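Only one structure is covered here, and it is reproduced in the block below.
Every number in this text was worked out from the coordinates using simple rules, so none of it is lab data. Owing to the predicted nature of the structure, the values given are computational and were not obtained by experimental measurement. When we count neighbours, we look across all protein chains shown, and the Cβ atoms used for this are built from the backbone with ideal geometry, even at glycine.
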Amino acid sequence: MADLETFRTETRAWLEANCPQSQRTPSEEFEDICWGGTKWRFVNEEQRTWLEVMAERGWTAPDWPAEYGGGGLDREHTKVLRQEMARIGARQPLFSMGLSMIGPALLKYGTEAQKQQHIPNIIAGKIWWCQGYSEPNFGSDLAGLQTRCEDKGDHYLVNGQKVWTSYANMADWMFCLVRTDPDAVKHAGISLVLFDVNQPGVTIKPIRLISGKSPFCETFLDDVIVEKGQLVGEINKGWELASYLLTHEREMIGSMGQGNTHEKSLPEHAIEQVGLSNGILADSKLRTDIACWEIDNMAYQFTAERIGDEAKSGQGVGAASSMLKYAGTELNKRRHELNLGIQGTQALVWEGEAYKDGLVASQWLRTKGNSIEGGTSEIQLNIISKRILGLGASK
Amino acid sequence: MALVLNEEQGMLKESAKGFLQENAPVGALRTLRDERDEEGFSRDLWRQMAAMGWAGILIDEAHGGLAFGHVGMGQVMEENGRTLTASPLLSTAILGVSAISIAGSADQKSELLPVIAEGKLLMTLAVDGGSRHNPLNVGVTATASGSGFSLSGEKQFVIDGHVADKIIVSARTSGSEGDSDGITLFVVDADAQGVEIDRIIMADSINSSMVRFVDVAVGADSVLGEPGKGAAVLQQVLDIGNAHLSAELVGLSLEVLERTVAYMNERKQYGVLIGSYQGLQHRAAHLFSEIELAKSVVIKVLQALDEGDDDVSMLASLAKAKVSEVATLATNEGVQLHGGIGMTDELEIGFFMKRARVAEQLLGDQRFHISRFAALNGY
Ligand SMILES: Cc1cc2nc3c(=O)[nH]c(=O)nc-3n(C[C@H](O)[C@H](O)[C@H](O)COP(=O)(O)OP(=O)(O)OC[C@H]3O[C@@H](n4cnc5c(N)ncnc54)[C@H](O)[C@@H]3O)c2cc1C
């Protein structure tokens with residue numbers, strides 16, 4: 001690998017030459033960041049190009065092994081790439097549950113055939129993956145899930161219902177937790193399977209959210225066929241994978257509020273709306289609230305960095321992802337509440353082009369789900385209490 | 001730079017932990033308090049600390065120090081926060097050393113630093129003219145007199161003032177209170193004619209004092225740095241002080257969390273451990289999460305100090321603001337979750353609460369640093 005400074009120089013030049021201008025502006029709408037998959041409609045040609053040139057270098061998944069099309073970069077080089085992208089405000093070329101969840105799980109637990117089949121498609125953004133975990137009666141208590149998966153000799157047959165399946169309507173494939181041993185105790189009879197959602201037996205009904213959008217769905221599974229080769233890891237050992245995946249999901253959700261570095265910051269918004277008086281923000285309560293948020297936000301960023309560095313050097317505690325998820329999502333909710341306060345009533349407009357059809361309000365409402373999806377804040381606190389602090393262990 | 005300790009820093013932390021827990025646990029502070037010790041710290045302990053090189057952690061090798069840097073010193077301070085050890089580490093080895101290292105002339109450095117490193121000279125920094133920290137509210141004026149100056153006025157809450165051999169004092173040589181121009185730093189002998197020092201017993205039982213200057217005559221050679229330009233030096237020294245106070249407060253918060261969690265796993269009510277109640281678990285878990293944030297801001301500012309980064313002031317205020325908030329939370333929760341016994345002087349948890357508040361106020365509390373953080377960021 002090139003030394004860091006050479007790599008930085010080369011990367012900077014390459015990004016300068018290859019990142020289209022429209023991909024260097026802050027993303028606002030959902031569609032501004034590409035999620036890939038067969039149903040994706042690129043907002044413009046530049047979005048397509050940006051995905052293609054980055055995927056070709058494996059830089060949609062910079063730290064994945066090069067043999068499956070990943071960037072093959074180590075942590076330090078990946079950091080440099082991220083920094084250089086942030087420097088010019090480059091958007092992520094691809095965002096997906098393939099990259100943040102099922103990909104890492106396949107790299108760790110998948111068979112060679114599974115890796116060959118799925119990893120290159122994830123890197124190239126060809127397949128949109130959705131996550132089938134939650135069920136109507138099993139949310140926080142996920143391990144109680146009831147969707148049945150039976151061995152039919154040359155294939156499996158899946159029956160049951162999933163809910164809150166984000167973007168199932170846009171997806172190509174699902175990674176799905178199913179019960180393969182109905183007699184085993186809770187965690188012991190679960191497996192992780194992969195299947196194409198565009199097959200008979202899969203019925204998807206979008207659900208409307210308080211934000212007005214419909215990004216998640218009810219998913220009904222009736223006699224869905226799963227090929228034998230699409231069970232990941234060992235049968236009935238799916239809980240371990242599910243937990244591994246949840247760790248990745250939590251880190252991803254926790255860091256979601258970090259946003260685009262070229263986005264206007266809260267202080268900038270506030271200066272615009274409220275103005276300065278003697279060089280400081282005219283509304284002193286707002287000034288304090290913003291500063292406290294900025295302080296916590298930087299503290300959070302340093303913590304994500306530190307925990308990553310500790311993991312790399314073999315220090316640190318497990319279950320750190322719960323702490324990051326809890327702190328990061330609560331922080332993001334606070335950011336959006338604060339933003340309402342800064343913008344005033346206009347932030348609550350719901351329709352009208354001048355107000356981007358309620359974008360601010362819709363984004364604010366969407367953040368409320370951050371502390372629910374991927375395991376609620378309360379569940380993260382339970383995990384910290386039990387696994388890190390060892391509280392309530394009976395003696 | 002990776003936000004982790006390197007091997008030597010990790011070893012220093014371990015040895016500091018071992019030494020302080022064995023030789024100066026919270027019980028030692030209690031004894032100093034109960035026996036109304038004249039000096040409020042143990043000279044013998046300080047000799048041992050100096051023998052291990054701690055007095056010179058921030059002093060360069062040419063002047064007899066270890067040149068171990070701020071990350072290293074921060075580890076000792078963090079461990080110090082767990083044991084509440086009374087010593088001149090902050091007044092002398094951090095504030096005094098930093099002021100001289102930053103602004104001292106070659107003569108001042110070679111006269112003072114090696115003796116400090118040997119543990120034979122105690123120093124302090126006298127900053128505040130009032131009860132609320134404000135480095136521009138100087139409280140002492142210096143007027144030209146003969147070839148030197150004459151100092152008059154009062155400094156409040158000067159740590160270790162009554163044991164210090166020399167006091168670094170900020171005084172106004174021109175302008176009026178609130179101006180950053182016109183502040184000059186002086187190194188004054190504590191036993192100089194006209195220096196009056198009253199020890200103040202604080203809630204945390206750690207040394208503080210009021211220092212009055214009544215027409216104290218000092219020579220021109222006692223000026224530290226450039227006359228009138230002391231505010232900038234002071235700023236740097238205060239940033240360093242706040243970074244290390246933050247390190248201390250992180251150690252203190254961690255200790256309180258650990259002791260509280262241990263108690264929750266030992267105390268039973270209604271036939272079960274109180275640690276099995278979710279209402280309490282979540283409070284402890286939230287505190288854990290906050291302390292994780294606090295740890296990160298501290299290592300960040302300590303590294304930035306060692307690297308000489310441009311944003312040190314912003315990071316120092318960030319650290320002090322965040323850590324103060326967290327230490328307040330930790331100590332309040334610590335007392336509450338212990339119940340009645342948490343209110344007793346016998347349990348050590350109260351010592352942590354008292355130290356936390358004093359350390360938070362010292363060199364600027366959470367509010368001061370939130371405001372400074374905002375100002376440094378242009379709003
Ligand atoms: C925007 C969004 C997107 C989502 N996307 C997906 C997806 O793509 N795929 C998928 O499978 N799922 C998805 N989910 C579902 C999500 O994982 C669940 O909603 C979540 O795990 C909570 O489960 P629940 O909704 O059944 O709530 P419940 O578990 O019923 O919780 C209700 C309340 O009780 C609290 N609670 C429950 N148990 C405990 C306990 N033991 N201790 C303390 N408090 C407790 C919870 O914290 C919560 O406040 C998504 C959810 C949202 C909001």
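A few notes on this one:
- Among A:Cys19, A:Cys292, sorting on how many other beta-carbon atoms sit within 10 Å of each Cβ, with the fewest leading, yields A:Cys292, A:Cys19.
- Take each residue in B:293-299, count the other chain C-beta atoms within 10 Å of its C-beta, and the mean is 6.
- Where trypsin sites (Lys or Arg not before Pro) fall in DSSP loop in the stretch B:1-110, at most 13 other Cβ within 10 Å: B:Arg36
- Length-normalised contact order of the stretch B:232-376 in % [C-alpha pairs under 8 Å, at least 6 apart]: 32 percent
- Other-chain or far-sequence residues with amide H under 5 Å of B:Ile200's (modelled H): B:Ser208, B:Ser209, B:Met210
- Cut-off of 10 Å, at most 16 other beta carbons, DSSP loop: longest stretch of chain A lacking such GluC sites (Glu not before Pro): A:30-233
- Of the trypsin sites (Lys or Arg not before Pro) in the stretch A:250-352, those whose Cβ has at most 14 other Cβ within 10 Å and which sit in DSSP loop: A:Lys264
- The shape of the stretch B:7-120 comes out oblate: with a ≥ b ≥ c from the C-alpha gyration tensor, a/c is at least 1.5 while a/b does not beat b/c.
- Hits among aspartates and glutamates - C-alpha to C-alpha of A:Lys356 under 12 Å, sequence gap 8 or more where chains match: A:Glu28, A:Glu29
- Each residue in A:Lys228, A:Lys368 was given a count of other beta-carbon atoms within 10 angstrom of its own, and listing them fewest first yields A:Lys228, A:Lys368.
- The residues packed around A:Ala282, meaning those with a beta-carbon under 15 Å from its beta-carbon, carry a net charge of -2 if Lys and Arg are +1 and Asp and Glu are -1.
- Residue-count net charge about B:Phe68 - beta-carbon cut-off 12 Å; Lys, Arg +1, Asp, Glu -1: -3
- Mean-position separation - Cα centroids, the stretch A:346-388 and the stretch B:316-377, in angstrom: 31 Å
- Top of B:Leu252, B:Leu90, B:Leu293 by mean-square fluctuation, Gaussian network on chain B, Cα under 10 Å: B:Leu293
- Largest to smallest principal axis extent of the C-alpha atoms in the stretch B:146-194, angstrom: 32, 28, 14
- In the elastic network of chain A, a GNM with C-alpha springs shorter than 10 Å, the most mobile of A:Asn169, A:Asn278, A:Asn236 is A:Asn278.
- DSSP-assigned coil residues among GluC sites (Glu not before Pro) in the stretch B:280-379, each with at most 12 further Cβ atoms within 10 Å: B:Glu346
- Computed packing ranks the peptides A:93-101, B:164-172 as B:164-172, A:93-101, most packed first, by mean other Cβ atoms within 10 Å.
- Rounded to whole numbers, the Karplus 3J(HN,Hα) couplings from phi for the stretch B:218-235 are 10, x, 5, 6, 8, 5, 9, x, 7, x, x, 10, x, 4, 5, 5, 3, 3 Hz, using 6.51 cos²θ - 1.76 cosθ + 1.60 with θ = phi - 60°, and x at Gly and Pro.
- Note, ³J(HN,Hα) from phi for the stretch B:251-256, Karplus 6.51, -1.76, 1.60, rounded to Hz, x at Gly and Pro: x, 4, 5, 4, 4, 5
- The aspartates and glutamates within cross-link reach of B:Lys229, meaning a Cα-to-Cα straight distance under 18 Å and a gap of 8 or more places when in the same chain, are B:Asp128, B:Glu177, B:Asp179, B:Asp181, B:Asp221, B:Asp239.
- Helix content alone sets the calculated 222 nm mean residue ellipticity of chain A: runs of n ≥ 4 DSSP H residues at -39500 (n - 2.57) each, divided across all residues, give -12500 deg cm²/dmol.
- Within a Gaussian network of chain B (alpha carbon springs, distance under 10 Å), most fluctuating of B:Asp198, B:Asp160, B:Asp310: B:Asp310
- In chain B, the DSSP-assigned H stretches of four residues or longer account for a calculated mean residue ellipticity at 222 nm of -16500 deg cm²/dmol, using -39500 (n - 2.57) per stretch and the full residue count as denominator.
- Each Lys or Arg adds one and each Asp or Glu takes one away; over the other residues whose Cβ falls under 12 Å from the Cβ of B:Tyr277, this sums to +3.
- By the rule of a C-alpha distance below 19 Å, with chain neighbours fewer than 8 residues away ignored, the aspartates and glutamates paired with B:Lys13 are A:Asp309, A:Glu310, B:Glu22, B:Glu78, B:Glu79, B:Glu248, B:Glu255, B:Glu258, B:Glu292, B:Asp306.
- Rounded to the nearest 20 debye, dipole of chain A from Cβ charges on Lys, Arg, Asp, Glu: 680 debye
- Residues whose placed amide H lies under 5 Å from that of B:Val195, excluding near-sequence neighbours: B:Val214
- Selection among B:Leu376, B:Gln269, B:His286 by position relative to the dipole of the stretch B:232-376 gives B:Gln269 as farthest towards the positive end (Cβ unit charges, Cα centre).
- What the phi angles of the stretch B:139-154 give under the Karplus curve with 6.51, -1.76 and 1.60, with θ = phi - 60°, is a coupling list of x, 10, 10, 10, 10, 4, 8, x, 8, x, 9, 10, 9, 9, x, 10 Hz, glycine and proline written as x.
- Measuring against 28 Å, Cα to Cα, the residue pairs A:Lys264/A:Lys368; A:Lys126/A:Lys205; B:Lys120/B:Lys320; A:Lys108/B:Lys300; B:Lys155/B:Lys300; A:Lys108/A:Lys325 contain B:Lys120/B:Lys320; A:Lys108/B:Lys300; B:Lys155/B:Lys300 as the ones spanning a longer distance.
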